[in-house]
Amino acid sequence: MQGNWVYTSMEVSGWNVSILPEMRKFPMLSKNPMKQPKFRNFSPVFALAFALTLAFPAFGQDQNQQQSPTQSQPEAGGPTGDVGPIIVPKKKPEDEQPPPPPPPKVKNPEGMPDFSLHVDVANVQVPIMVTTKDGQFIPGLHKENFKIEEDGIPQTITNFTQQSDAPITAVLLVEFANNNYYGAFAYDAIRASYYFADSLKKNDWVAVISYDMKSYILADFTQDKKEVFGAINQLRIPGFSETNEFDALYDTLDRVDRIPGRKYIILVSTGRDTFSKINYDKILKKIKDTPNVSIFTVSTGEAYRTYLEARMGGQMGYEMRNLDFLQADNEMNTFAKMTGGRWYHPRFEGEFPEIFRDISQDIRNQYVVTYKPTNSKQDGTFRKLKIDLQAPDGGPLTVKDQKGKSLKPVIIARDGYTAKHEVE
């Protein structure tokens with residue numbers, strides 16, 4: 001069969017499209033040209049449709065070829081797909097989050113220098129009072145005269161000072177309750193408080209707290225003696241009959257523990273506890289755990305107790321009542337002994353001035369020994385202390401009075417301390 005070639009040229013949408021011969025080869029359906037009029041009439045329409053089919057893909061390809069050189073590929077690449085590499089645009093620097101600004105530098109006010117604080121938690125300071133058996137302070141001792149042991153192990157003293165007439169920071173804690181012995185015990189408490197206030201000096205800081213069922217702050221820390229006397233003057237009519245000594249002492253220890261330096265608590269009380277939430281073991285633990293605090297205790301009502309013993313001695317009711325006071329005396333003595341203080345139990349009012357002169361002298365004149373313990377563990381355990389006096393050659397120390405009479409020195413200091421915990 002011999003095919004014929006049909007050449008078609010037309011204009012489509014402004015484009016001159018020529019159909020090449022190799023692209024338009026149609027076989028003749030019949031050899032007889034007279035029998036082909038229908039095809040010839042249809043050929044322009046068919047040619048137009050076929051030209052459009054070929055023209056538009058070519059147009060799209062031409063546009064892609066013309067536009068592709070103008071597009072800029074991103075800097076970063078990616079995996080290759082069916083149509084080429086998958087471009088992953090590189091993150092622009094302006095899209096990244098800027099770094100946080102540096103913290104502002106704190107500038108001290110003009111004229112104020114920079115300070116640095118160094119705390120050595122391993123050092124232990126032990127205030128020591130050395131007196132005669134009559135309570136007179138023995139001055140003139142040196143570092144070589146002291147020997148200190150911690151849990152039976154000798155320690156090396158690194159620093160030694162003697163305080164003379166130093167100012168004090170103290171709390172006067174007074175029991176003032178409406179009990180059956182108000183006339184005897186409360187009167188003694190008020191008189192003792194006045195004598196203590198009278199012994200204060202100009203630079204002393206003192207607070208006054210009274211208690212019965214709860215504590216009452218009558219005067220916060222002040223250096224004004226008139227304010228101290230005014231606080232004591234408020235002790236006129238007692239309220240409750242309960243005497244919660246353990247609660248009051250625990251609360252006072254918690255308050256003074258926040259104050260730096262040496263502190264003193266002057267506890268004027270019968271020593272009886274009737275309704276505290278804190279028991280005896282807990283108050284002893286609190287005393288052990290509170291450093292740099294010495295407690296001086298003054299028992300009240302001793303004269304009245306002596307009177308009752310003379311009138312009612314041997315009777316069953318008195319023996320039971322007296323047992324409570326004996327237990328109270330033991331507690332007051334324990335509080336003082338544990339903290340390096342003293343316990344006083346005056347029988348007559350005339351003893352109060354002398355007692356508070358002794359207290360003032362004891363807390364103003366002390367030796368302070370500092371050492372670095374060989375046991376450096378911060379495990380929160382209680383360390384037992386033992387302090388002795390010795391001659392420079394290691395022998396026993398001999399102390400004599402002005403008349404040359406030998407005196408036996410009395411050492412008053414804490415019996416131990418509680419080491420810090422690592423988390424403190």
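The values are calculated or read from the model by the stated rules, or taken from the named source; none is laboratory data. As the structure is a prediction and not an experimental result, all values here were calculated from the model. Positions of Cβ are backbone-derived with ideal geometry, glycine not excepted, and every protein chain shown enters the neighbour counts.
For (1) closer than 25 Å to residue 361 by Cβ; (2) of a type in the set (Ser, Thr, Tyr); (3) at pLDDT 75 or above; (4) out of contact with any Asp or Glu (no Cβ under 7 Å at 6 or more places or on another chain), each residue gets a yes or a no:
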{"position": "296", "(1), (2), (3), (4)": "yes, no, yes, yes"}
{"position": "315", "(1), (2), (3), (4)": "no, no, no, yes"}
{"position": "326", "(1), (2), (3), (4)": "no, no, yes, yes"}
{"position": "338", "(1), (2), (3), (4)": "yes, no, yes, no"}
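Could you please give the count of residues in region 393-415 that are over 27 Å from the mean Cα position of the chain (by Cα) and surrounded by 10 or more Cβ atoms within 10 Å (Cβ to Cβ)?
Going through region 393-415 one residue at a time, the tally reaches 10.
For region 336-353, indicate whether the set of residues that are of a type in the set (Ser, Thr, Tyr), surrounded by fewer than 17 Cβ atoms within 10 Å (Cβ to Cβ) and assigned by TED's automatic domain parsing to the domain that holds residue 186 is non-empty.
Checked against the condition, which is being of a type in the set (Ser, Thr, Tyr), surrounded by fewer than 17 Cβ atoms within 10 Å (Cβ to Cβ) and assigned by TED's automatic domain parsing to the domain that holds residue 186, region 336-353 yields no hits at all.
Please work out if residue 418 is under 33 Å from the mean Cα position of the chain (by Cα), more than 20 Å from residue 159 (Cβ to Cβ) and modelled with pLDDT under 90.
Here the answer is yes, as residue 418 does meet what is asked.
Go through region 236-251 and give me each residue that's of a type in the set (A, V, I, L, M, F, W, C), in a loop (DSSP other than H, G, I, E, B) and surrounded by 18 or more Cβ atoms within 10 Å (Cβ to Cβ).
none
For residue 401, state whether it is modelled with pLDDT under 85, at negative phi and in contact with a Leu (Cβ under 9 Å, 6 or more places away or on another chain).
Considered against the rule, which asks whether it is modelled with pLDDT under 85, at negative phi and in contact with a Leu (Cβ under 9 Å, 6 or more places away or on another chain), residue 401 comes out as yes.
Only one of (1) in contact with a Phe, Trp or Tyr (Cβ under 8 Å, 6 or more places away or on another chain); (2) surrounded by fewer than 19 Cβ atoms within 10 Å (Cβ to Cβ) fails for residue 289. Which number is that?
(1)
Among the numbered conditions (1) at pLDDT 90 or above; (2) under 22 Å from residue 338 (Cα atoms); (3) assigned to a loop (DSSP other than H, G, I, E, B), tell me where residue 264 comes up short.
(3)
Counting just the residues of region 341-386 that are of a type in the set (A, V, I, L, M, F, W, C) and closer than 16 Å to residue 132 by Cα, which one comes out modelled with the highest pLDDT?
Top of the filtered list is 343.
How many residues, within region 352-392, are small (Gly, Ala, Ser) and closer than 26 Å to residue 169 by Cα?
Final tally of qualifying residues: 1.
Which of the numbered conditions does residue 259 fail, given that it passes all the others? Conditions: (1) in a loop (DSSP other than H, G, I, E, B); (2) within 23 Å of residue 212 (Cβ to Cβ); (3) of a type in the set (Val, Ile, Thr).
Against the list (1) in a loop (DSSP other than H, G, I, E, B); (2) within 23 Å of residue 212 (Cβ to Cβ); (3) of a type in the set (Val, Ile, Thr), residue 259 comes up short only on (2).
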